[in-house]
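The values are calculated or read from the model by the stated rules, or taken from the named source; none is laboratory data. Because the structure is predicted, anything quoted here is derived from the model rather than measured. No Cβ is skipped: glycine too gets one built from the backbone with ideal geometry, and neighbour counts run over all protein chains shown.
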Amino acid sequence: MTQLALVIDLNVCVGCSGCVTSCKEWNTSGEAGPMPDQNPYRAEPTGTFFNRVQTYEIGTFPNTETLHFPKSCMHCAEPPCVPVCPTGASYKREEDGIVLVDYDKCIGCKYCSWACPYGAREFDEQSKVMKKCTLCVDRIYDMSLPESERQPACVISCPTSARLFGDVEDPDSEVSVKIREEGGYPLMAEWGAQPSNHYLPRRKVHIRVRADELVRADNPLKKENFSKLSKDEQSLDDVMSW
Amino acid sequence: MHPAFSVIFLTTLIGLGQGLFLAIYTAQVYSVVELIPMTQGDDRIVYGVGSIIALAVLGLGLVASFFHLGHPERAWRSVTQWRTSWLSREVIALPLFMGSVFLYGLFHFMGWNPLLMTIGEGFPIDLTLVMGALATVMAFILFLCTAMIYASIRFLQEWSSPLTVLNFILLGGASGFTLATLFVFYAAPELVGFIGGWAIVLTITALLSRMASLVRNRLLRPKSTPQSAIGVRHSTIRQIAQGAMGGSFNTREYFHGQPQRVVKMVKWSFLLFVFPLPILLLALGIIVQVETLLIAAVVVQYLGLMAERWYFFAEANHPQNIYYQAA
């Protein structure tokens, strides 16, 4: 079984929204498009996006941390949005687990968006159908592209490589190893949708220094306290550097 | 959730139509087993015209539902996924129910009512009685489908309860029996006390069940938190950007967009308009037999039901709203 998904490393995401822009650029002109906007250059601009970057402030000043948080469809293993669709327009692909909408079958009832706990689906006010992330399905299988470019647009564009793409069911894939070794977690696991996208947490590297590492424990000459050395006295270093 | 008027009209109108049919069929069953005297009115009027009114109300609800769709011309596709989708099941159940009400009315209207068999001490089972029983089953299936559309979404905790199904049945029943009381006032005045009495009983039962769901929802604790939503374990998480400047589908579809005092006002007005006022108007109308009071009961209760349905949507808090705190 294959389940393609994204792994998003919150440790390196800088919130540049490059993934948002490249997603929109690729998909609005691709098979999944258009992704129309309303009032794009006026007050209250709004439009259809498959991917958005949100920002959270964690903690209270001065102990705060800023978290940039990209969110798109989780391509759940048990997608609650799929069985509720009355027309079968919403479906999960057997071969790679991507959740897609057939725009020609969608009646625009919006019921699937109610049934997604993540708010990952967005209704296109112009085409009057439901739209969502396709994992760039029209790109990842395109044999006319070099293999390194057969990845979702958001993954390629990320300047800090915060986004990884691969098969999360294959235990040896890059994404599976990352999830396993770097503490990858799913969002809102409490609803049992088994989201395939995973997030890698903020990680801080601490150097642990014990007190006895600052002072040499075996010090036969006890000559470590330089401040007490008189001018002519020899330090341990002087002895050792003979 | 955002209360869409198309869905408010759909759910209240079909509930009203289902209740109206159940009311007239109840009258027929009671008169067959002689718990109430046979109607003196013309059967064609009482059951035939009664079915036509029920059909008209159901038809209005069906029309309203199309306004909810982005592509109404593709609505036929929605019958295909009945194996998994309650919405698809509703789309099938509504026309089937309308069809059985149509046949029920037609059989009465044309007088096609052959005796099929007799039970016990001569209770006649005729064709309309059987057709009505079929339509009654369909009415309850339709109530179940409509309510399960909401009750089956497990993370909308306010809806995900058997009380949702009970409320849809009782509120639809109450409003339908109230409308039926007004109808029999013209068609068969001797039934006003019987149907009006049931309308009052159903309204009181609906009040109890709706109160139960209000209390339940008040005590709910949301399963999802900002911590589980972004996976950061800290008690203070504040959203400072939601990925859109001028709002998005996510900030429109899942929020009612009204200040809390409006929501509160809607709640108290539906608690007044759906329950005590119609009960009072019905009781007075039955006692003094004044048409205006019964009309007022129907209108007041229906307006109240619209408020009730608005509140039903506004009260439901979708977990995705955690990602749109700044909305």
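Looking at the range A:135-150, is at least one residue within 13 Å of chain B (Cβ to nearest Cβ) and not acidic (D, E)?
Among the residues of the range A:135-150, not one is within 13 Å of chain B (Cβ to nearest Cβ) and not acidic (D, E), which makes the answer no.
Of the residues that sit in the range B:203-232 and are without any contact (Cβ under 8 Å) to a residue 60 or more places away in the chain and under 19 Å from the mean Cα position of the chain (by Cα), which one is farthest from A:H68 (Cα to Cα)?
B:T205
Give me the residue from the range A:56-79 that is within 17 Å of A:E122 (Cβ to Cβ) and not hydrophobic (A, V, I, L, M, F, W, C) and, out of that set, nearest to the other protein chains (Cβ to nearest Cβ).
Looking at residues that are within 17 Å of A:E122 (Cβ to Cβ) and not hydrophobic (A, V, I, L, M, F, W, C), I get A:K71.
Assess whether A:G166 counts as being in a loop (DSSP other than H, G, I, E, B) and within 14 Å of the chain's Cα centre (by Cα).
No; evaluated as a whole, the condition is false for this residue.
Residues that are crowded, with 24+ Cβ neighbours inside 10 Å: find the strands (runs of 3 or more DSSP E) completely inside the range A:64-120 holding 2 or more of those.
Fully inside the range A:64-120 and qualifying: A:65-72.
Quick check on the range A:220-242: of everything there that is in contact with a helix residue (DSSP H, G or I) (Cβ under 7 Å, 6 or more places away or on another chain) and not charged (D, E, K, R), which residue is modelled with the highest pLDDT?
Going through the qualifying residues, I end up with A:S235.
Specify the residue that is farthest from B:E90 (Cα to Cα); the eligible residues are those in the range A:84-112 that are β-branched (V, I, T) and within 23 Å of the chain's Cα centre (by Cα).
A:I98
Does any residue in the range B:86-111 that is touching a residue at least 12 places away in the same chain (Cβ under 8 Å) and more than 13 Å from B:A139 (Cβ to Cβ) come within less than 7 Å, Cβ to Cβ, of a residue that is among the charged types (D, E, K, R) and in a helix (DSSP H, G or I) six or more places away or on a different chain, and which pairs are these?
Note: pairs meeting the criteria are B:H108/B:D43; B:H108/B:R44; B:F109/B:R44.
With the condition kept exactly as written, say whether any residue in the range B:237-249 is assigned to a loop (DSSP other than H, G, I, E, B) and either at pLDDT 95 or above or among the hydroxyl-bearing types (S, T, Y) (or both).
yes
Tell me, which helices (runs of 4 or more DSSP H) lie completely within the range B:125-230 with 3 or more residues that are of a type in the set (A, V, I, L, M) and at pLDDT 95 or above?
Helices (runs of 4 or more DSSP H) meeting the threshold: B:127-151, B:162-187, B:192-219.
Could you tell me which of the residues B:L22, B:L60, B:L69 is surrounded by fewer than 19 Cβ atoms within 10 Å (Cβ to Cβ) and more than 14 Å from chain A (Cβ to nearest Cβ)?
Within the list B:L22, B:L60, B:L69, the selection yields B:L60.
Which one is surrounded by the fewest Cβ atoms within 10 Å (Cβ to Cβ) among residues in the range B:247-276 that are of a type in the set (S, T, Y) and more than 24 Å from the chain's Cα centre (by Cα)?
Among those residues, the one meeting the criterion is B:T251.
May I ask you to list the residues in the range B:185-202 that are touching a residue at least 60 places away in the same chain (Cβ under 8 Å) and of a type in the set (V, I, T)?
B:V192, B:I195, B:I200
Results for (1) farther than 30 Å from B:L156 by Cα; (2) modelled with pLDDT of 95 or more, shown as yes or no for each residue.
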site	(1), (2)
A:P159	yes, yes
A:F165	yes, yes
A:L187	no, yes
A:K204	yes, no
A:I207	yes, no
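State whether the residues of the range A:29-44 include one that is surrounded by fewer than 24 Cβ atoms within 10 Å (Cβ to Cβ), among the hydrophobic types (A, V, I, L, M, F, W, C) and within 15 Å of the chain's Cα centre (by Cα).
Looking through the range A:29-44, none of the residues is surrounded by fewer than 24 Cβ atoms within 10 Å (Cβ to Cβ), among the hydrophobic types (A, V, I, L, M, F, W, C) and within 15 Å of the chain's Cα centre (by Cα).
Taking the range B:229-265, which residues are on the phi > 0 side of the Ramachandran plot and at the interface with chain A (Cβ under 7 Å from one of its Cβ atoms)?
B:G231, B:G243, B:G247
Using the structure shown, decide if A:R52 is buried (at least 20 other Cβ atoms within 10 Å of the Cβ), within 13 Å of chain B (Cβ to nearest Cβ) and of a type in the set (K, R).
Considered against the rule, which asks whether it is buried (at least 20 other Cβ atoms within 10 Å of the Cβ), within 13 Å of chain B (Cβ to nearest Cβ) and of a type in the set (K, R), A:R52 comes out as yes.
Just to be sure I understand, how many residues within the range A:6-45 are without any contact (Cβ under 8 Å) to a residue 12 or more places away in the chain and within 12 Å of another protein chain (Cβ to nearest Cβ)?
Residues flagged as without any contact (Cβ under 8 Å) to a residue 12 or more places away in the chain and within 12 Å of another protein chain (Cβ to nearest Cβ) within the range A:6-45 amount to 8.
Of the conditions (1) among the acidic types (D, E); (2) part of a loop (DSSP other than H, G, I, E, B); (3) surrounded by 12 or more Cβ atoms within 10 Å (Cβ to Cβ), A:D172 clears all except one; give me its number.
Unmet condition: (3).
Can you tell me how many residues in the range B:77-104 are at the interface with chain A (Cβ under 9 Å from one of its Cβ atoms) and buried (at least 18 other Cβ atoms within 10 Å of the Cβ)?
10
Residue by residue through the range A:113-128, note down the ones that are more than 16 Å from B:R77 (Cα to Cα) and either within 27 Å of the chain's Cα centre (by Cα) or at the interface with chain B (Cβ under 7 Å from one of its Cβ atoms) (or both).
Correct list: A:S113, A:W114, A:A115, A:C116, A:P117, A:Y118, A:G119, A:A120, A:R121, A:E122, A:F123, A:D124.
Any chance the range B:38-50 includes a residue that's assigned to a helix (DSSP H, G or I) and either within 14 Å of chain A (Cβ to nearest Cβ) or within 30 Å of A:M130 (Cβ to Cβ) (or both)?
Within the range B:38-50, none of the residues are assigned to a helix (DSSP H, G or I) and either within 14 Å of chain A (Cβ to nearest Cβ) or within 30 Å of A:M130 (Cβ to Cβ) (or both).
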